[in-house]
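So the structure is just underneath, and the comments pick up after that.
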Amino acid sequence: MEITLNPKRATRNTQPVTLNFTGPSMKPTLKPGDGLRVHPYGGRKIRIGDVVVVYPPERKQHVVHRVVSVDSRGIRTRGDNNNNTDAWVLCAENITGQVVGANRKGKNKTIYGGLLGRIYASGLRAIKQIDLIVSRILHPVYHRLARSGIFRNLLPQQLKTHILCFKRANGVEMQLLMGRWVIGRRLIGQDRWHIRRPFRLFVDEHRLPEAQNILRNQIKSS
């Protein structure tokens, strides 16, 4: 069951509910499309490390982030993929419940809270920091190799790239696929591709067709 909670009644909820997660702020812990199992706290304490569903002050939608501090001043949260702590300070009444699990493509995943949640989140941040340092060191080499094009002819035919276009209300979003993997996106209103590492080694961004040309060819073939 997928539920959109009413913020005025959310904090009075006493039964477990399921929410559909959206947004990038909790990657890789949570991904868009995950079905979240949310348990109300009841008489339990809200712990640092818990992933919680909250209704921040002056917001009309719920937010799913991790608790990073609990003290006399209130409760602070932050997304696992965010660098900064959220601006709002919460009280217990702002919190709907704890996310204890997620269903992703039919597979159930436990979402740890408390001490295990803190350790997990600290590990993610350490990996992110190491990746940032390594990226800064290797960035010039990576882009030099990408510009050289020496890897582009090494891909087998079944992994050749292709583009999908998605018509949105305000334009066309483009996705670049290699086989079944989405390796890049060109968002509406942007003039460049965002291509995941290391796939830029295999792609010449300047030769990728424009959305208008792809749609025109699709119309002709249909």
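Filtering the stretch 117-145 to residues that are at pLDDT 85 or above and either in contact with a helix residue (DSSP H, G or I) (Cβ under 7 Å, 6 or more places away or on another chain) or within 16 Å of ARG200 (Cβ to Cβ) (or both) leaves PRO140, VAL141, ARG144, LEU145. Only residues that are closer than 18 Å to GLY117 by Cβ and either in contact with a helix residue (DSSP H, G or I) (Cβ under 9 Å, 6 or more places away or on another chain) or among the hydroxyl-bearing types (Ser, Thr, Tyr) (or both) were counted across the stretch 59-94, and they come to 10. Can you report the number of residues in the stretch 193-211 which are over 20 Å from the mean Cα position of the chain (by Cα) and not in a helix (DSSP H, G or I)? Of the residues in that region, 5 qualify. Where strands (runs of 3 or more DSSP E) sit wholly within the stretch 83-183, those with at least 3 residues that are assigned by TED's automatic domain parsing to the domain that holds LEU201 and more than 29 Å from TYR55 (Cβ to Cβ) occupy 161-168, 171-178. Scanning the stretch 93-108 turns up one or more residues that are closer than 30 Å to PRO56 by Cβ and over 22 Å from the mean Cα position of the chain (by Cα). So if I check each of GLY49, GLY42, GLY23, which one is of a type in the set (Gly, Ala, Ser), surrounded by fewer than 17 Cβ atoms within 10 Å (Cβ to Cβ), modelled with pLDDT of 85 or more and closer than 26 Å to LYS107 by Cα? Of the residues listed, the single one that is of a type in the set (Gly, Ala, Ser), surrounded by fewer than 17 Cβ atoms within 10 Å (Cβ to Cβ), modelled with pLDDT of 85 or more and closer than 26 Å to LYS107 by Cα is GLY23. Among the residues of the stretch 133-165, the ones that are over 14 Å from PRO198 (Cα atoms) and of a type in the set (Phe, Trp, Tyr) come to 0 in all. Being in contact with a Ser or Thr (Cβ under 9 Å, 6 or more places away or on another chain), over 16 Å from LYS27 (Cβ atoms) and among the β-branched types (Val, Ile, Thr) is the filter here; which residues of the stretch 97-132 pass it? Of everything in the stretch 97-132, just one residue is in contact with a Ser or Thr (Cβ under 9 Å, 6 or more places away or on another chain), over 16 Å from LYS27 (Cβ atoms) and among the β-branched types (Val, Ile, Thr), namely VAL100.
ARG152 meets all of the listed conditions (1) without any contact (Cβ under 8 Å) to a residue 40 or more places away in the chain; (2) of a type in the set (Lys, Arg); (3) surrounded by 13 or more Cβ atoms within 10 Å (Cβ to Cβ) but one, namely (1). Take the residues in the stretch 62-82 that are in a loop (DSSP other than H, G, I, E, B) and without any contact (Cβ under 8 Å) to a residue 40 or more places away in the chain; name whichever of them is surrounded by the most Cβ atoms within 10 Å (Cβ to Cβ). The residue in question is ARG73. The residue pairs whose first member lies in the stretch 177-196 and is under 18 Å from GLN158 (Cβ atoms) and small (Gly, Ala, Ser), whose second member is at pLDDT below 85 and surrounded by 12 or more Cβ atoms within 10 Å (Cβ to Cβ), and whose beta carbons are closer than 7 Å, counting only pairs six or more residues apart or on different chains, are GLY179/LEU159.
The values are calculated or read from the model by the stated rules, or taken from the named source; none is laboratory data. Just so it is clear, the structure is predicted and the values come from calculations on it, not from any experiment. A quick note on method: Cβ atoms are made from the backbone with ideal geometry, for glycine too, and the neighbour counts reach across all protein chains shown.
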